[in-house]
Structures are given as C-alpha cells and as structure tokens.
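S.K.: After the structure tokens below, expect a handful of questions from me.
The values are calculated or read from the model by the stated rules, or taken from the named source; none is laboratory data. Worth saying up front: this structure is predicted, and the values here are computed from it rather than measured. Cβ sites come from the backbone with ideal geometry, for glycine too, and all protein chains shown count toward neighbours.
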C-alpha cells in the first residue's frame with residue numbers, strides 16, 4: 001500500500017507541476033524537501049518520507065495551478081498523503097531519533113535535488129511506480 005501511495009502522490013504532484021503558474025508547485029516541493037525544513041540523513045539524497053509528506057500537506061494550499069480540478073486534485077493529494085503517513089506509522093516497527101532527527105519516522109526515500117543517479121532508474125522501486133517520473137519533472 002505504501003508503494004502505491006507513493007506512486008499516486010507522485011502522479012498527482014506531476015499533474016500539479018504540469019499545470020503550475022509561476023513555478024509555485026516546484027517552489028513548494030523544493031521548500032518541503034529542503035534540508036532546513038525536512039529531515040535528511042548523512043546522504044542528502046535521502047529524506048524522511050513522512051516528514052516530507054507532512055510538510056507537503058501543510059503547504060500544498062500555496063500551489064497556484066491552472067486547473068479547474070484544483071480542489072479535487074488537492075483533496076486527492078491530501079487523502080493519499082494522510083493514508084501514506086498512517087501506513088508509515090504502521091509499518092515502521094522500531095525507530096530511534098536523536099535531537100537532530102527528532103521528526104524522522106523511520107522511512108527514507110530517494111529525492112535528489114538535482115541530477116538523478118543513472119543506476120537509480122534500474123531499481124525495482126523506480127521501475128514499478130511514478131516516483132522517478134515525478135523526480136525528473
């Protein structure tokens with residue numbers, strides 16, 4: 001279920017990016033995954049998925065998109081983010097977080113800010129869902 005949620009959230013974000021005005025969706029997404037706003041680990045390519053989703057849900061109202069379906073798109077996005085967050089909380093068996101990782105929930109995801117490593121495209125996760133398409137949009 002969690003992988004399916006990531007797939008659908010990626011599709012919805014990709015749709016929002018295609019319809020954005022003045023780069024607002026891209027700016028919000030980058031702000032939500034920024035190292036100052038989202039828990040990251042030693043390797044900056046990986047962020048805490050739960051923390052990213054919480055940030056995204058909080059700021060997605062700032063999306064300025066040219067789409068008559070904006071309310072529906074945001075409602076779907078919120079629904080799948082909430083479902084994904086519940087799934088993360090259920091599937092993580094144990095977690096430990098220090099003071100600098102206090103918001104980490106135990107599941108990270110590859111989310112490079114710039115160039116995607118060529119080998120990532122060959123991973124099972126990248127092949128099986130739209131997360132990779134979202135990253136390159």
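S.K.: Have a look at 101, 112, 107 and point out the one that is closer than 17 Å to residue 35 by Cβ and in contact with a helix residue (DSSP H, G or I) (Cβ under 9 Å, 6 or more places away or on another chain).
M.R.: Every option except 112 fails the conditions.
S.K.: Between a first residue in the stretch 61-76 that is under 11 Å from residue 19 (Cα atoms) and a second residue that is in a helix (DSSP H, G or I) and modelled with pLDDT of 90 or more, which pairs have beta carbons less than 6 Å apart while being 6 or more apart in sequence or on different chains?
M.R.: 63/16; 63/24; 63/25; 64/24; 65/16
S.K.: Please go through the stretch 4-28 and give me each residue that is out of contact with any helix residue (DSSP H, G or I) (no Cβ under 7 Å at 6 or more places or on another chain) and either buried (at least 20 other Cβ atoms within 10 Å of the Cβ) or outside any helix (DSSP H, G or I) (or both), ordered by number.
M.R.: Passing the criteria: 19, 21, 22, 23.
S.K.: Has the stretch 40-53 got at least one residue that is modelled with pLDDT under 90, under 14 Å from the mean Cα position of the chain (by Cα) and surrounded by 19 or more Cβ atoms within 10 Å (Cβ to Cβ)?
M.R.: yes
S.K.: Across the stretch 29-39, what is the total count of residues that are surrounded by 15 or more Cβ atoms within 10 Å (Cβ to Cβ), within 18 Å of residue 115 (Cα to Cα) and touching a residue at least 60 places away in the same chain (Cβ under 8 Å)?
M.R.: Number of matching residues: 1.
S.K.: Taking helices (runs of 4 or more DSSP H) that fall entirely within the stretch 55-137, which contain at least 3 residues that are more than 18 Å from the chain's Cα centre (by Cα) and exposed (fewer than 15 other Cβ atoms within 10 Å of the Cβ)?
M.R.: Per the criteria, 70-91.
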